[in-house]
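Below: one structure, written as structure tokens.
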Amino acid sequence: MFESPVTKKTIFLTVIASLFICLLIFFNNFFDERTKIVFCDVGQGDAAYIRIKNKIDVLIDAGPDKSVLSCLGKYMPFWDRKIELAFLSHPNTDHYNGYFYIIDRYKVDKFITVNTSGLIVSKTYKKLLKKISENNITLLFKVAGDQIRVQGGQFILYWPHKDFYSPHDNDYSQVILFKENDFRLLFTGDASPFVLGRLSHGAIEKVDILKVPHHGSKNGLTKKFLDLADPEVAVISVGKNNSYGHPSKKVLEMLEAHKVKVKRTDVDGDIVFNLKE
């Protein structure tokens, strides 16, 4: 009989070392008060997660399926099961379907979206609104000019305007600026050239990061809007080999000509930014 080369002492020391490493990672994350921003790789859809000052959890859209849960599992602390703010840019399935799964797994305090009373919406979206009500989640409709301050961060809505009407759901896409100190990030949902044109009259100023509208579609970003936003980094949330041909060559060339660094979820996976304190 040969004795096993793995002794009880070796196992014990390995367990102790593993626990030490786990504790080190835990305390490093626990005391890191930087704001983290993650553009989740959810395929052909939009989902962004923000953890403000390592205290407040915010979602802006939730993607087309339960892929968003994997993203939250990676970046949201395991001991925290509450999402304080959940934004939905507009009622498109590739932006809201993930919320069905999120509401089942997490406590959501406030759900913030656009008023669609003048728009024909799907039965699936009506089911989501019902689920929000059944789970006693506060539902808020926000419009241009509204602001939400939380833990040193600020969300400013640029679009849609109150009483705005259009038969096209993408025209309702929230355009939201997230600010923290000197940092500025602009979320654009699936905003159309029509919407961007309405915002090109002094409302938009230079930002650090631009979430490119409509997955980089040719029916999204315009040169005039890009000149105004003048981002250092552009993020395109898009699925690999999608049937729409997103992102368009025209948009990529526009960003290259403007010398903007481009990050894409279909190429880079989850895209993470840690803000300076």
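A short reminder: the numbers here are calculations on the coordinates, not readings from a lab. Since the model is a prediction, treat every value here as computed from it, not as a measurement. Cβ sites come from the backbone with ideal geometry, for glycine too, and all protein chains shown count toward neighbours.
Which of the pairs 66/127; 66/107; 74/276 have their Cα atoms more than 18 Å apart in this structure?
Cα-Cα > 18 Å for 74/276; rest within.
Give me the extension gain from residue 165 to residue 242: residue separation times 0.36 nm, minus the current Cα-Cα distance, reported in nm with one decimal.
24.7 nm
Please give the length that would be gained between residue 146 and residue 66 if that part of the chain were fully extended, namely 0.36 nm times their separation in residues minus their C-alpha to C-alpha distance (nm, one decimal). Don't jump to the answer; show the numbers that get you there.
Numbers: separation 80, 0.36 × 80 = 28.80 nm, distance 3.00 nm.
Result: 25.8 nm gained on full extension.
Residue 245: net charge of surrounding residues, Cβ under 15 Å, Lys/Arg +1, Asp/Glu -1, itself excluded?
+3
Using 0.36 nm per residue of separation minus the Cα-Cα distance, give me the extension gain between residue 123 and residue 105 in nm, one decimal. Don't jump to the answer; show the numbers that get you there.
Working: separation 18, 0.36 × 18 = 6.48 nm, distance 2.24 nm.
Using 0.36 nm per residue and subtracting the Cα-Cα distance, I get 4.2 nm.
Mind giving me the FRET efficiency for residue 227 and residue 130? R0 is 45 Å, r the Cβ-Cβ distance, nearest 0.05 is fine.
E(calc), rounded to 0.05, equals 0.55.
Quick one: order 250, 211, 36 by neighbouring beta-carbon count within 10 Å, fewest to most.
The fewest-first ordering by Cβ neighbours comes to 250, 36, 211.
May I ask for the net charge around residue 223, where only other residues with Cβ less than 15 Å from the Cβ of residue 223 are counted and Lys, Arg are +1 while Asp, Glu are -1?
Its environment carries a net charge of +1.
What does the charge count around residue 119 come to, taking other residues whose C-beta lies under 10 Å from its C-beta (Lys +1, Arg +1, Asp -1, Glu -1)?
On the way: positive: none; negative: 169, 171.
So the environment of residue 119 carries a net charge of -2.
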